[in-house]
Structure formats: structure tokens, C-alpha cells
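S.K.: Quick one: the structure is below, questions incoming.
The values are calculated or read from the model by the stated rules, or taken from the named source; none is laboratory data. Model, not experiment: these values are computed from the prediction. Using ideal geometry, Cβ is built from the backbone for each residue, glycine included, and neighbour counts are taken over all protein chains shown. Areas reflect the complete protein model, heavy atoms only, side chains present, ligands, DNA and RNA absent. Shrake-Rupley method; radii C 1.70, N 1.55, O 1.52, S 1.80 Å.
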There are 2 protein chains.
Amino acid sequence: MHILVTGGAGFLGRRLARAILARGTLAGPDDRQHPVARITLADVVAADLPDPRVSSLVGDLADPALLDRAFAGGVDSVFHLAAVVSGEAEANFDLGWRVNVDAMRALLERCRAPGTSPRFVFASSCAAFGGPLPARLPDDQMPVPQSSYGTQKVVGEYLVHDYTRKGFLDGRSLRLPTVTVRPGKPNKAASSFASGIVREPLAGVESVCPVAPETKMWLTSPATVVDNLIAGHEAPASAFGHTRSVNLPGISVTVRQMVDALRRVAGDAVADRVTWKRDPAIERIVLTWPADFEAKLARALGMRADADFESIVRAYVAESVRR
Amino acid sequence: MHILVTGGAGFLGRRLARAILARGTLAGPDDRQHPVARITLADVVAADLPDPRVSSLVGDLADPALLDRAFAGGVDSVFHLAAVVSGEAEANFDLGWRVNVDAMRALLERCRAPGTSPRFVFASSCAAFGGPLPARLPDDQMPVPQSSYGTQKVVGEYLVHDYTRKGFLDGRSLRLPTVTVRPGKPNKAASSFASGIVREPLAGVESVCPVAPETKMWLTSPATVVDNLIAGHEAPASAFGHTRSVNLPGISVTVRQMVDALRRVAGDAVADRVTWKRDPAIERIVLTWPADFEAKLARALGMRADADFESIVRAYVAESVRR
């Protein structure tokens, strides 16, 4: 099998690729396991993942030449992770629609062209939801996004829905919780702080939390979300109902509880590096996101949540030491 | 005020224009009534509506030159009725997405450009819904369309939602019931028969009903839906909640009840011109549509439903005589 991962040079893309390589196989259209012969990591920067089965493809997803190269020799499965992140899509309306919708549609068109109906795992987002919401969202909650990013993700889901219904591909739109702890540097996602308030203090750096301590979030660890992305790929088409959109499991945690967990794992000196200063631009986006989901379909598909935030911090610390 | 009506040469577009002319005024951004100085009916064919305030603009909505002409001198309100209809969008996937989404987006971009935030009334459709549904749909029912047409309408709604949220325009997406009785000829809408089974028999012509008699539909008369389109335009922005999508009121009627009403109005000889022959291609689309809605927001906005199907038939007969 040839697997294409967009946004493949990113943290999640590389982590997903490593997990797929470790498995060695993925489900094909016949629902049987087939050896993974090749993974292409497409991104705007080169992907650093030394493995003979992995190749890095650098360019703009909206560039037909890049897609020509990605689809040369056929593609059996796509994990579409590439996106303009939430804060950036809100600041730059045109860029968000161009990348998050137009470039995605060009990608879907390529999947349609050969008539092979590849599995297409789309990393959607819980930012699909906003406005007045119940405390715990059922699977059939109507998405009313309150950001351009969320709206673009919902439109992407409906594209996946229609391409799937027409048999052009076999799509699965997975609404990711906020992924934390991400290594590396802050990015322009409104949720960037959810990693920063753990990562920076552990690295001896102060971190400003831009939302109030009682702000509740729906969280997943990188390891768990990668497992769930693969579970979303592996599920047979028959396991889905009339929609291919799935709310992924997560844990519902306040920012204060996140810092408390950091304190228990790493001590006061580390946790005290978190300071609080509310940023209205970030709050305007983050406070519209729901913080608790039933995620019934996801669990039926074998997806899971982390045990608690403390275990997420511990796993991050353990991995940081190995790096 | 200058009002732009896309699909303006169509039956609904002309009827809407006549109703606006009869009113003489429409609400402006200040929520006050302003005289309608000009109506532009844009469509792929010329609009026949002789009135000094009305001009017909012929061309492709996706053509920038047409939009240049439509927006020359500014546009205060848009009624976007133009669409590739359901049956055609299902048969021609590319055409449907190009017209129903891409051309609509180009239109929204024009509204955004001058920074005047025009009211934008989008004729969406109850075809937004499909899959397993409650008997009576609440306003917050999640759209899971089972046709490309329905999916494109939902995507259009999310575009309107985001353009509105950003303040680029003041959008209102109205999900129209099946409109019957339409005069003229059958079209490629899967619901075309809902007019045909009344119109053709009254004209002395046989009509084949392609769905079973017990098929239930959500119906509106042309007069009522035009009133509701205008009510959707007139409502102040503050009357909407966190979404701009509105399920329009209608009446829930089986096809058998429709023919029975025709029988009561026009007699056995006329009603017996309806014959029954199920068409799987049409049933595949029509049977996914819901047939009953709560439509609470719509009623709060002053929208209304017809009394019953018999009154719809009587109104059609009365109007046919006048034509």
C-alpha cells in the first residue's frame, strides 16, 4: 500500500507515519490487512523521518504538480492533516478558505480520478461546534462553528460525505479534540497554549495562559489521537451510519486542572512558571469550543480517550527525556 | 435600493420581483424601509418582466463580467435563487458543485468587496436533510443530506454563516419546502412531479407520479414561499440566534392527499389523468427528504404555511385562468 499523509512534516503527521510503520500493515478496500510499502509525507517543509519506506514531498497542496507527484503510481489511503490553523484562519479569511477548503477539494478530486475509492481520513476538529450547546454533546449535535477554521472543517466534512456517498472515495471525518502536549514551538492555533503551559515550564521557560483557569477543554494526547486516526482508517465502511463524521473521545479538563497535574508531576517551581493573562482574541475562539462529548460512535469504532491529564503530562516528560 | 435576484428569470424569481415591486420598499441595513429603485434579474435566460424598475441580465453567474455588471453602482440586497436542481446535480456532480457552491462563493465575494454588508437571502432547501430522522424535525436537526444538491445547499449555508459572522454581509439561509404548483414545464428537479401531477391533469395531459401514493412531502405554495422569502429579508439581524439557517414552514401532505385534493377541486376526469409508476432514481432522492418540521424560528420571524393542499390547488387554478 501507498499511504499519503498531508501535513506529513508536522508533529502529528510524522508521529502517525511512525505508528503506521510500526504496525507494518493497514486495511485495504477489501478490509484485509496489506503491507505498507510506501508512505509519502506531503507538506510545505521537508519531513525528517529517516526510513526507506518514507519519502518527503515539499510543496503547496493546491499545486497540481505536487498532487501529480503524490498520486504517481496510485494512492491507497490518504490521511489529510494539512490545514491553516484556527488563529491564522480567523486572521486571514482568504488563506483559510483557499487551503482548508479549496486545496482539500483538489485533493479529493485526485482521489476520485483513478476510480479506486481510497480510504480518506480527514482530520476535522471539535471547533466544528459553537454557540449554545448542551453540557455533553451527542453524536448528532448540529455543528454551528464560531470561527472560520471550524466552518471550513465542517465544509470539508460535507465534501467527504458527498464524495463518499458517490463512491469516489471511502471517507472518515474525525473531529479531533485539542491535542496536547505538542513538542516544539507555539503555533498560530488558538489552542496553542494548551501545549505551551506544560511544555514551556518543563523547559524552564515562563508560559502565559491566555484563558481563565476555569476554562474547560476537550483534550487528547498525541499518542491517543494517532491511535484513533488509525482506528478511523481501519474501521470497515459498514461500521459507519448515515454520516462519516465522528466526534473523537477525549478528556474534559479545566486549564487549572492541567496546571495542577503539571504541579503534581513536576513540582511547584515548574508549575509556577505559568502566569495568567487573558487574551480576548484567543478567548473569542477557544470559549466557543465544547468541552465534553458522548463520542458513542467513536467508542463503537474502538477509539479511546486518555486516562487523565496527569498521565498525558507523564508521557510527555518520558518522551522528552528520550528525545 | 438596488435588489439583485439570481435565478431571476425563473418562476420564483419573477414572482418574487413582482411581490417586491408591489410592496415598493424593503428593509435596509438600518432596518428601515427604503424605496426599491431597481431590481436586476440575473439568469442564464432573459427575464420577461416589463417594468421600468426591472432589468434583465443574461449570463453565467460564475462569469466575473456578469457579476461586474450586476454589482455596478452597488447592490443593497441579494436574493440568491439560482441553482442546478436536485436531479441534475445528482446526475452531474461537477456541474452541481461548480454552480451551487463555486458560483455562489463568487457571488458572496462580490457582496463582501464593497464593505456594505448587504442582506443576502439564500434559497436553501429541505433537501439539506436525510438519513434517519425524527417524525418532526426540530430547528437544530443536524443536516445529513443524501444528495449532492442537498450537500451543496448545506455548504452554501455554512458559507453564508461565516460571511455573516465576519460581517461581510447579513445572510439568511432559508430552507425551502417543495414548491408546488409551479406553472410551465417539468424540470430536472427530483420533485418536479409534485407540480406535474396537478398542472398536467388540469391542462388535459396525463401525468405519471414516480413515487408511491403514501410518500409524504413538505410543501409550500409559490405565493407563500415568496412571502416567506421577503419575511426572511425583512427580519432584523437581531431576530436570529447563533445560526442563520431557517427551516421554512410548510404543510405535510402525502401524494395521495395531493391527488385527492385535485379530485375535489377539478373532478374525477382530471384527477384520473394521474397514473402511478415508481421511478427508483427519483425515489432515491425524494424519499430521503423529511416531510414535517417544527419551524419554530421561522414562525417567530413571521413566516407562515398554507392552510392545506386544496387551497394551493384552488389558487393555482385561479391564477391559471388569469394567465
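S.K.: Does A:A194 count as open to solvent by less than 20 Å² (accessible area, probe 1.4 Å) and in a loop (DSSP other than H, G, I, E, B)? Give the derivation first.
M.R.: Working: open to solvent by less than 20 Å² (accessible area, probe 1.4 Å): yes; in a loop (DSSP other than H, G, I, E, B): no.
Here the answer is no, as A:A194 does not meet what is asked.
S.K.: Of everything in the stretch B:158-176 that's of a type outside the set (V, I, T), touching a strand residue (DSSP E or B) at 6+ places or on another chain (Cβ under 8 Å) and open to solvent by less than 10 Å² (accessible area, probe 1.4 Å), which residue is farthest from the other protein chains (Cβ to nearest Cβ)?
M.R.: Applying the first criterion (of a type outside the set (V, I, T)) to the stretch B:158-176 yields B:158-159, B:161-163, B:165-176.
Of the ones still in play, those that are also touching a strand residue (DSSP E or B) at 6+ places or on another chain (Cβ under 8 Å) are B:161, B:163, B:169-176.
Pick out the ones that are also open to solvent by less than 10 Å² (accessible area, probe 1.4 Å) and you get B:163, B:169, B:171-175.
Working: B:Y163: 9, B:L169: 13, B:G171: 12, B:R172: 15, B:S173: 12, B:L174: 17, B:R175: 13 Å.
Step by step, filter the stretch B:158-176, then rank; the result is B:L174.
S.K.: Residues of the stretch B:236-282 being free of Cβ contacts under 8 Å to residues at least 40 places away in the same chain and hydrophobic (A, V, I, L, M, F, W, C), which ones?
M.R.: B:A269
S.K.: Just the residues that are in a strand (DSSP E or B) and under 22 Å from A:S191 (Cβ atoms), please, taken from the stretch A:155-176. First the steps, then the outcome.
M.R.: If we filter the stretch A:155-176 for residues that are in a strand (DSSP E or B), which is where we start, we get A:170-176.
Selection gives A:S173, A:L174, A:R175, A:L176.
S.K.: What residue, of A:D76, A:D63, A:D68, is closer than 18 Å to A:A106 by Cα and surrounded by 14 or more Cβ atoms within 10 Å (Cβ to Cβ)? Before the answer, list the steps.
M.R.: On the way: A:D63 fails: surrounded by 14 or more Cβ atoms within 10 Å (Cβ to Cβ); A:D68 fails: surrounded by 14 or more Cβ atoms within 10 Å (Cβ to Cβ).
After ruling out the rest, the residue left standing is A:D76.
S.K.: Return the total of residues in the stretch A:89-108 being farther than 28 Å from A:P236 by Cα, surrounded by fewer than 22 Cβ atoms within 10 Å (Cβ to Cβ) and among the small types (G, A, S).
M.R.: Here the count works out to 1.
S.K.: Quick check on my filter: what residues within the stretch A:163-202 are touching a Pro at 6+ places or on another chain (Cβ under 8 Å) and among the charged types (D, E, K, R)?
M.R.: Selection gives A:D170, A:R182, A:R199.
S.K.: Inside the stretch A:109-134, can you point out the residues that are within 11 Å of chain B (Cβ to nearest Cβ), open to solvent by 10 Å² or more (accessible area, probe 1.4 Å) and not in a loop (DSSP other than H, G, I, E, B)?
M.R.: Listed by number, the residues that qualify are A:E109, A:R112.
S.K.: Could you please give the count of residues in the stretch B:180-191 that are touching a Ser or Thr at 6+ places or on another chain (Cβ under 8 Å), open to solvent by 10 Å² or more (accessible area, probe 1.4 Å) and either farther than 23 Å from B:P280 by Cβ or not in a loop (DSSP other than H, G, I, E, B) (or both)?
M.R.: Number of matching residues: 2.
S.K.: Any residue at all in the stretch A:220-233 that is touching a Pro at 6+ places or on another chain (Cβ under 7 Å) and closer than 26 Å to A:A91 by Cα?
M.R.: yes
S.K.: Of all residues in the stretch B:135-148, which are more than 10 Å from every other protein chain (Cβ to nearest Cβ) and over 18 Å from B:T243 (Cα atoms)?
M.R.: As a first pass, look at the stretch B:135-148 and keep what is more than 10 Å from every other protein chain (Cβ to nearest Cβ): B:135-137.
Answer for the stretch B:135-148, where residues must be more than 10 Å from every other protein chain (Cβ to nearest Cβ) and over 18 Å from B:T243 (Cα atoms): B:A135, B:R136.
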